[in-house]
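A.B. asks: The structure that follows is given in the form of structure tokens.
The values are calculated or read from the model by the stated rules, or taken from the named source; none is laboratory data. Nothing here was measured: the structure is a model prediction, and the numbers come from that model. Don't worry about glycine lacking a Cβ; one is built from the backbone with ideal geometry, like all the others, and counts go over all protein chains shown.
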Amino acid sequence: MKIVTSRMDLASLMSDNKKMGKSIGFVPTMGYLHEGHLTLAKAAREQNDLVVMSIFVNPLQFGPGEDFETYPRDPERDTALAESAGVDYLFIPAVEEMYPNPLSLDIKVTDRIDVLCGKKRQGHFDGVAAVLIKLFNLVSPDRAYFGLKDAQQVAVIHGIIADLFFPIEIVEIPTVREEDGLAKSSRNVRLSEKERQEAPELYQALLKARKAVLDGEKSTAKIEGIVKKHINESTSGKIDYVEIYAYPSLKAIESFDVKGKAIIAIAVQFDKARLIDNIILNMDF
Ligand code: PAF
């Protein structure tokens, strides 16, 4: 595995590989790698000649009061993990390398952001868009890999790809879960012992909702009710939202009588950890 820190080096390495006809799979991350990231890298390994991973804690996607300074970083451990997952090129740029000048464009995501977590994180997806546009231009991947745990991010990225005509296939990787169903997240360690026991009920609530839809329930309001009741009855967490949309447009739907996909997404606040999870239903059954 080769570590690259200069954007020019990365761009020229990628162009050399493209000339040789190699396909490139790209896994953008902010580091502090966990099994979720490694699953993305392994999928990229299977589907491409070359795997590129970036590790960059992107200041532009952190709002005031968010944890940019204290965001966990462990480049040595990450390097070993990336290598073990089959990464060929690990791009670890400094902030000045990615943002040598203040942006002369106002990159503002206008669609798919007024719902779910985007409502509260003003400007967050603008920062995600800015860094991904830069990274996509440097790497020119054939495929880019994202986890569906962050389904809103994936939805926003589909919008960027469509708007800017990036010839990149977005590969969506299902959420990696603990054995009891809890979605893997670095935040899970902030749960108390009791909360950790309750937390798998979030996924159980989503499964219950899926079963109800498969059994014929069409009303999104009723499904939201089922999810809320289950979470309220089986956890001490406070529901932040339970929302249902068409996916990836994130447009409101009142009934599951739709074609395409629908997402049921939840966020629940525990004492020191806010957990998110979702399930995407293919309605073409
Ligand atoms: O999901 C993340 O880790 C980040 O939002 C991403 C996509 C790497 C952009 O900084």
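A.B. asks: For LYS211, state whether it is over 19 Å from the mean Cα position of the chain (by Cα) and either over 18 Å from ALA267 (Cβ atoms) or not polar (S, T, N, Q) (or both).
C.D. replies: Answer is yes for this residue.
A.B. asks: A follow-up question, please. Tell me which residues, restricted to region 68-84, are touching a strand residue (DSSP E or B) at 6+ places or on another chain (Cβ under 8 Å) and of a type in the set (Gly, Ala, Ser).
C.D. replies: ALA82
A.B. asks: Taking the conditions exactly as written (more than 11 Å from the ligand (Cβ to nearest atom), assigned to a helix (DSSP H, G or I) and either surrounded by 22 or more Cβ atoms within 10 Å (Cβ to Cβ) or modelled with pLDDT under 95 (or both)), does ALA155 satisfy them or not?
C.D. replies: yes
A.B. asks: Could you list, in sequence order, the residues of region 116-150 that are of a type in the set (Gly, Ala, Ser) and either in contact (Cβ under 8 Å) with a residue 40 or more places away in the chain or away from the ligand (no atom under 11 Å from the Cβ) (or both)?
C.D. replies: GLY118, GLY123, GLY127, ALA130, SER140, ALA144, GLY147
A.B. asks: Go through (1) over 20 Å from VAL176 (Cβ atoms); (2) not in a loop (DSSP other than H, G, I, E, B) one by one and return the number of the condition GLN204 breaks.
C.D. replies: Here GLN204 clears every test but (1).
A.B. asks: Name every residue in region 205-223 that is surrounded by fewer than 18 Cβ atoms within 10 Å (Cβ to Cβ) and either touching a residue at least 40 places away in the same chain (Cβ under 8 Å) or of a type in the set (S, T, N, Q) (or both), in order of residue number.
C.D. replies: LEU207, ARG210, LEU214, SER219
A.B. asks: Does ILE170 qualify as being among the hydrophobic types (A, V, I, L, M, F, W, C), within 14 Å of the ligand (Cβ to nearest atom) and either touching a strand residue (DSSP E or B) at 6+ places or on another chain (Cβ under 9 Å) or more than 25 Å from LYS119 (Cα to Cα) (or both)?
C.D. replies: When the stated conditions are applied, ILE170 passes them.
A.B. asks: Additional query: Residues that are in contact (Cβ under 8 Å) with a residue 24 or more places away in the chain and surrounded by 15 or more Cβ atoms within 10 Å (Cβ to Cβ): list the strands (runs of 3 or more DSSP E) wholly contained in region 1-103 that include at least 3 such residues.
C.D. replies: 24-29, 50-55, 89-91
A.B. asks: Please find, within region 43-60, the residue that is nearest to PHE26 (Cα to Cα) out of those that are out of contact with any Asp or Glu (no Cβ under 8 Å at 6 or more places or on another chain) and within 12 Å of the ligand (Cβ to nearest atom).
C.D. replies: MET53
A.B. asks: For region 113-130, how many residues meet the condition of being assigned to a helix (DSSP H, G or I) and in contact with a strand residue (DSSP E or B) (Cβ under 8 Å, 6 or more places away or on another chain)?
C.D. replies: Here the count works out to 2.
A.B. asks: Show the residue pairs that are 6+ apart or on different chains and have beta-carbon atoms under 7 Å apart, the first residue being within region 235-250 and part of a strand (DSSP E or B), the second being among the hydroxyl-bearing types (Ser, Thr, Tyr).
C.D. replies: Note: pairs meeting the criteria are ILE244/THR220.
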